[in-house]
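Novice: Take this structure, written in structure tokens, and hold onto it; I'll ask about it next.
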Amino acid sequence: MTDNRNTILAVILSGLVLIAWQYFYNVPAMEKQRAQQQTAELQKTTPQPSASATPGAAPQAGGAAQPSTPAANQAQPVVARDTAIAASPRVKIETPRLAGSISLKGGRIDDLALVQYRETVDPKSPPIYLYSPSGTAEPYYAEFGWVAATGVTAKMPGAQTVWQQDGSGSLTPATPVVLKWDNGEGLTFRRTIAVDDHYLFTVKDEVSNVGNAPVTLYPFALISRHGAPQVSGYYILHEGLIGYLGDHKLQEYAYKQIDEAKTVNFKATNGWLGMTDKYWASALLPDTDAQLQARFSSNPVGNVHTYQTDYLLDPVTVAIGGTATANARLFAGAKEAGVVGINFPLAGLGGYNKELGLNHFDLLIDWGWFHFITKPMFLGLDFFYRFFGNFGVSILLVTVIVKLLFFPLANKSYASMAKMKSIQPQLMALKERYPDDKVKQQQEMMEIYRKEKINPVAGCLPVVIQIPVFFSLYKVLFVTIEMRHAPFYGWIKDLSAPDPTNLFNLFGLIPFDPTTIPVFGHYLALGIWPIIMGITMWFQMKLNPTPPDPTQQMIFNWMPLIFTFMLAGFPAGLVIYWAWNNLLSVLQQSFIMRRNGVKVELFDNLKATFAKKAT
């Protein structure tokens with residue numbers, strides 16, 4: 001019964017990992033590769049329209065977008081990013097974390113680089129460019145302003161309006177900038193833009209009326225992105241349009257989903273909305289008491305879609321000689337947990353979520369359905385990182401803490417397993433005494449369990465506990481930017497990426513990448529840490545007596561090798577965790593076995609294995 005239970009448990013665990021690996025890694029990777037090939041083929045045959053072909057359309061009072069001009073539906077040549085930036089007058093943005101500029105043409109924030117983050121682990125590689133202006137290959141920007149009510153014919157500032165800077169100098173955390181525009185009909189527009197030392201822009205729009213009639217206007221804000229960006233393609237991570245909109249709660253639309261839906265409208269209070277990538281995001285953060293007419297939309301122009309999140313506020317009437325004001329906020333940057341915020345009892349991080357009183361802004365980071373595990377897992381890793389400055393060390397320490405937390409349960413489990421081994425002679429005697437009476441064997445076996453106070457399924461508990469911890473750590477490594485490019489020691493420069501070494505090119509001695517081999521090259525990624533993990537798992541298997549059944553022996557013998565190849569493509573931090581956890585489990589189980597008077601058969605089983613190979 002014990003052997004059958006272990007076999008079933010091993011098959012179930014292997015199946016879970018195989019399914020998870022296939023579902024979360026292999027299938028999305030193949031789909032991603034196929035999509036990239038299709039995109040490359042399409043770009044070879046189809047001219048790409050520029051962003052200027054589909055300028056961000058401000059929402060109208062009814063929630064519909066303003067119609068584009070005829071030229072907006074024609075393909076335009078794509079220009080280099082630097083060329084597009086140089087084509088309009090600008091105000092520089094200079095903060096400890098951001099660099100870029102505001103375009104005076106349109107008054108857009110459309111040039112933004114995250115200077116603390118690089119494309120690769122090489123510190124000399126280019127920074128991450130979040131925003132790019134119209135006319136480039138990947139336009140992405142934020143825009144603010146006013147929409148005229150129905151019947152109002154006054155000129156309004158738009159995408160082609162050239163604003164004037166009031167004064168001079170760059171936008172810094174200490175020096176806001178002021179932009180002005182006069183429509184020549186009695187309306188003067190004034191925009192004050194401020195930025196903090198992280199990723200928050202505050203925009204104050206004012207309009208003064210010295211004309212001969214009152215004017216009714218709607219404040220608006222939008223984020224526009226032209227062309228679907230390259231996404232990770234994993235089902236455990238949302239990338240696309242996102243918002244938490246009052247009673248509508250969390251709303252998430254992938255780019256393909258909004259292409260099908262075209263437009264989704266919401267009326268909400270206490271909401272925010274924007275677009276999220278794996279590590280970066282851009283979100284509009286209106287006042288929490290503002291009444292919003294919010295919208296997600298996708299507008300196709302040729303073969304390119306323009307994705308937009310926007311909102312309208314309630315109308316304001318600017319009396320003759322009066323002034324109206326509208327406030328807006330924009331988050332544009334890295335999804336750092338300490339900056340965005342984490343809602344978690346007692347140990348949460350406040351960030352903008354708490355500072356601004358926002359409605360679940362922490363969900364901008366995709367903590368997943370099991371957030372009650374992933375959040376404390378991250379908080380633990382972050383706590384030790386602050387002391388040791390290395391997330392790899394944090395993983396090792398958190399693993400020890402998890403082991404200690406579940407030690408009483410694991411202690412009972414391993415003690416039960418030790419007792420099971422101690423009564424093996426009695427169980428074998430039952431088989432000899434009742435060779436043809438299985439029912440009698442089971443009855444006598446259960447009586448022995450009762451007398452010895454043994455729970456035959458207790459051995460499953462350590463593995464059952466390890467599965468949610470494994471996947472929560474995988475989620476944390478995958479979605480949190482803190483793990484991106486986080487080094488360990490030696491050759492591991494990025495804990496969120498697979499081990500870069502490879503056995504099949506002799507760990508770099510042969511100038512050849514085995515993973516580029518068609519069809520099965522993906523399975524040839526076998527680095528040093530996956531090999532270490534496989535060895536520790538093999539030791540753990542050898543800690544138990546060799547099963548008498550040949551099929552069971554084969555399963556237990558091949559399982560470490562199968563897991564080694566399966567986990568080789570997972571983040572290095574996860575493989576390090578699994579190897580370290582295996583080692584701790586071997587030490588823990590050996591200690592408990594000795595304490596219960598059961599012989600530790602690890603070295604005997606290893607000796608027997610090599611003796612068989614020698615013969």
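The values are calculated or read from the model by the stated rules, or taken from the named source; none is laboratory data. Just so it is clear, the model here is predicted, and its values are computed rather than measured. For neighbour counting, all protein chains shown are included, and Cβ atoms are generated from backbone atoms with ideal geometry for every residue, glycine included. In case anyone asks, the SASA skips ligands and DNA or RNA and just uses the protein heavy atoms, side chains included. Shrake-Rupley method; radii C 1.70, N 1.55, O 1.52, S 1.80 Å.
Novice: If you check Tyr141 against the conditions, is it in contact with an Asp or Glu (Cβ under 7 Å, 6 or more places away or on another chain), assigned to a strand (DSSP E or B) and closer than 23 Å to Ile223 by Cβ?
Specialist: For Tyr141, the condition - in contact with an Asp or Glu (Cβ under 7 Å, 6 or more places away or on another chain), assigned to a strand (DSSP E or B) and closer than 23 Å to Ile223 by Cβ - is met.
Novice: Quick check: is even one residue across segment 227-238 outside any loop (DSSP other than H, G, I, E, B) and touching a strand residue (DSSP E or B) at 6+ places or on another chain (Cβ under 8 Å)?
Specialist: no
Novice: Step by step: first the residues of segment 499-520, then only those that are under 24 Å from Glu119 (Cβ atoms) and surrounded by fewer than 21 Cβ atoms within 10 Å (Cβ to Cβ), then the one that is farthest from the chain's Cα centre (by Cα). Which residue is that?
Specialist: Pro511
Novice: Which residues, counting only those in segment 262-284, are among the aliphatic types (A, V, I, L, M) and under 24 Å from Val231 (Cα atoms)?
Specialist: Val264, Leu273, Met275, Ala281, Ala283, Leu284
Novice: Out of the residues in segment 183-207 that are under 29 Å from the mean Cα position of the chain (by Cα) and hydrophobic (A, V, I, L, M, F, W, C), which is nearest to Glu355 (Cα to Cα)?
Specialist: Leu200
Novice: Counting just the residues of segment 170-189 that are assigned to a loop (DSSP other than H, G, I, E, B) and closer than 19 Å to Arg108 by Cβ, which one comes out least open to solvent (accessible area, probe 1.4 Å)?
Specialist: Among residues in segment 170-189 that are assigned to a loop (DSSP other than H, G, I, E, B) and closer than 19 Å to Arg108 by Cβ, the one least open to solvent (accessible area, probe 1.4 Å) is Asn183.
Novice: If you check every pair at least six apart or on different chains, which have Cβ atoms under 6 Å apart with a residue in segment 125-139 that is open to solvent by 20 Å² or more (accessible area, probe 1.4 Å) first and a residue that is modelled with pLDDT of 90 or more and of a type in the set (Asp, Glu) second?
Specialist: Pro126/Glu119
Novice: Could you please give the count of residues in segment 318-373 that are among the basic types (Lys, Arg) and open to solvent by less than 20 Å² (accessible area, probe 1.4 Å)?
Specialist: 1
Novice: Give me a count of the residues in segment 176-214 that are hydroxyl-bearing (Ser, Thr, Tyr) and out of contact with any Asp or Glu (no Cβ under 9 Å at 6 or more places or on another chain).
Specialist: Number of matching residues: 1.
Novice: Still on this model: Which number in (1) within 29 Å of the chain's Cα centre (by Cα); (2) among the β-branched types (Val, Ile, Thr); (3) modelled with pLDDT of 95 or more marks the one condition that Val231 misses?
Specialist: (3)
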